[in-house]
Amino acid sequence: MVKTVVESLVQGLGQAFNELKVERGEIGWYHQRKDGESFARLDAAVRSALLEAVETPDAFDKFTFFKDEHYVRNLVYQDDNFELLVLCWAPGQGSRIHNHGDSHGLGDRGARPRGGDAGPAAPPAIPGVLAAVSPCPPLQKLGKGVAGPGAQLYINDGQALHAVRCADDTDYPHGAVTLHLYAPPTRRVLLYEPEQDRVVTRVPGHYSRDGKVVQQG
């Protein structure tokens with residue numbers, strides 16, 4: 001049976017991460033930072049697999065869902081080593097400033113926390129919230145990146161926190177569709193909300209899984 005583009009991508013990524021896990025025992029960026037050669041091999045394999053897959057953009061139509069209220073996270077595949085998601089952004093929609101724990105990930109370079117003690121805070125009324133603390137530490141903006149079709153961006157928590165946003169004046173009336181890979185999967189994130197003076201711990205949710213809507217909010 002001929003594999004689909006997505007099936008071939010998942011197989012290629014799975015092989016790359018399995019080989020790394022056998023060699024190094026761990027996948028996360030924290031464990032790879034002292035082994036530049038190992039990371040370079042992984043990076044090359046992952047970028048090649050993703051570039052080949054996005055040459056057939058309609059292969060991801062099944063996972064493409066938008067919402068008027070906020071950007072949407074659509075899960076394509078997940079196992080213990082990595083997760084693949086299609087994120088859909090209407091013009092002007094964006095994420096909060098956030099981290100990704102030990103995961104290698106995709107994102108725009110954003111801000112770095114500068115320390116400080118924290119106590120309990122009122123949590124926001126959104127799904128998946130585990131806790132909130134206050135105050136939000138001061139954030140130092142490090143830079144801004146702009147990515148168009150075909151661009152590949154990499155980030156991990158050792159570099160910076162980050163936020164992603166679709167421009168208001170995008171040339172694409174429906175907005176943007178981005179393919180995200182996190183390895184290992186992001187189980188919890190910290191959302192930095194300086195306007196509310198708090199940091200929120202949240203379990204990331206999915207609007208759809210394998211092309212089927214599972215969340216109406």
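For the range 139-217, rounded, prolate or oblate, judged on the Cα gyration tensor with a ≥ b ≥ c (square roots of eigenvalues), a/c < 1.5 rounded, else prolate if a/b > b/c?
Note, shape of the range 139-217 comes out rounded.
Taking a quarter of the surface of the convex hull around the Cα atoms of the range 128-184, what do you get in nm²?
6.5 nm²
Go through the range 8-103 and name the GluC sites (Glu not before Pro) that are in a DSSP coil and have 14 or fewer other Cβ atoms within 10 Å of their Cβ.
Filter output for the range 8-103: 26, 55, 69.
With unit charges on the beta carbon (Lys/Arg positive, Asp/Glu negative), name the residue among 152, 182, 93 whose Cα is farthest towards the positive pole of the charge dipole of the range 63-213.
182
Dipole of the chain, Cα-centred, from +1 at each Lys and Arg C-beta and -1 at each Asp and Glu C-beta, to the nearest 20 debye?
480 debye
Considering Cα pairs under 8 angstrom that are at least six residues apart, work out the relative contact order of the chain and quote it in whole percent.
With pairs under 8 Å counted, the relative contact order is 27 percent.
For the range 63-213, with equal point scatterers placed on the C-alpha atoms only and solvent neglected, what are the log10 I(q)/I(0) values from the Debye formula at q = 0.09 1/Å, to two decimals?
Taking Cα atoms of the range 63-213 as identical point scatterers yields -0.28.
Since every read-out is calculated from the coordinates, none of them should be taken as a lab result. This is a predicted model, so every value here is computed, not measured. Neighbour counts are summed over all protein chains in view; Cβ atoms, including those assigned to glycine, are modelled from backbone coordinates with ideal geometry.
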